[in-house]
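None of the figures in this text is laboratory data; all of them are computed from the coordinates on show. Everything numeric here is computed off the predicted structure, so don't read it as measured data. No Cβ is skipped: glycine too gets one built from the backbone with ideal geometry, and neighbour counts run over all protein chains shown.
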Amino acid sequence: MRRHPKAEKLALYAGGDLPLAERVALALHLRFCAHCREEAGRFLRARQAFREEAAALPPGLDWGALEAEMRANIRLGVAAGAIVGGRPRRARSWEPPWKPAFVVTATLAVVMAAGWMLERSRMPAPAAGPGGEVVLRSTPEGLAVEWSSNEAAVFGAGRTPVAAAVNWDGSARAPFLDDETGQVTIYNVAAQ
């Protein structure tokens, strides 16, 4: 060590709480520095004095009387608990065990009914032409739906879709970005 260690390091060394690498370096310094060795010795003596004082019992302490008082307090607590616990408890109202299951089932039924009604309320897709085929395609003009040789609709007002996705159920989805306003319009088209 080039400099003398701080008092905190010496106190940690005296208490044995310094990490190994620092403890070895400090022990080497203490071997050659009488001033620091004396200071570390003062910390060690103070620590030992605190331990001795903490281990000593207060003068005039009667363990027998203290034990009797503690036992009396425990017996008193047990007796008070028996008195308080002896009161009859108010009966809880009876709840049927099937109530939570009924609530969950009813909630699921309402959700399923709402989904079914929403699915049925969709507008019907245009009828397929003589070929019986509806074609969904993404074009530079937008999302095109063709259901006969001379009937078609284009969604997107002449803008190229940002992305297009076709699902296995015959539906297509394409978002369009308006460059002027920054708004996004999403078209979902389904063929049946």
### Query
Ordered by residue, what ³J(HN,Hα) values in Hz, to whole numbers, does the stretch 7-24 give under the Karplus form 6.51 cos²θ - 1.76 cosθ + 1.60, where θ = phi - 60° and Gly and Pro are x?
4, 4, 5, 5, 5, 5, 4, 5, x, x, 9, 8, x, 4, 4, 5, 5, 5
### Task
Work out how much length Arg120 to Phe102 would gain on full extension: take 0.36 nm times their residue separation and subtract the Cα-Cα distance, in nm to one decimal.
3.8 nm
### Message
Once you place label points 7 Å from the Cα toward the Cβ at Arg47 and Val111, how far apart are they in nm?
### Response
6.3
### Query
What list do you get for Val111, Val166 if you sort them by fewest beta carbons within 10 Å?
Val111, Val166
### Message
Positive end of the dipole of the stretch 22-69, charges at C-beta (+1 Lys, Arg; -1 Asp, Glu), about the Cα centre: which of Gly60, Leu30, Leu44 has its Cα farthest in that direction?
### Response
Leu30
### Task
Please give the length that would be gained between Ser171 and Ala34 if that part of the chain were fully extended, namely 0.36 nm times their separation in residues minus their C-alpha to C-alpha distance (nm, one decimal).
40.4 nm
### Message
Taking amide H atoms as placed 1.01 Å from N in the peptide plane, list the residues 5 or more away in sequence, or in a different chain, whose amide H sits under 5 Å from that of Phe176.
### Response
Val162, Thr185, Ile186, Tyr187
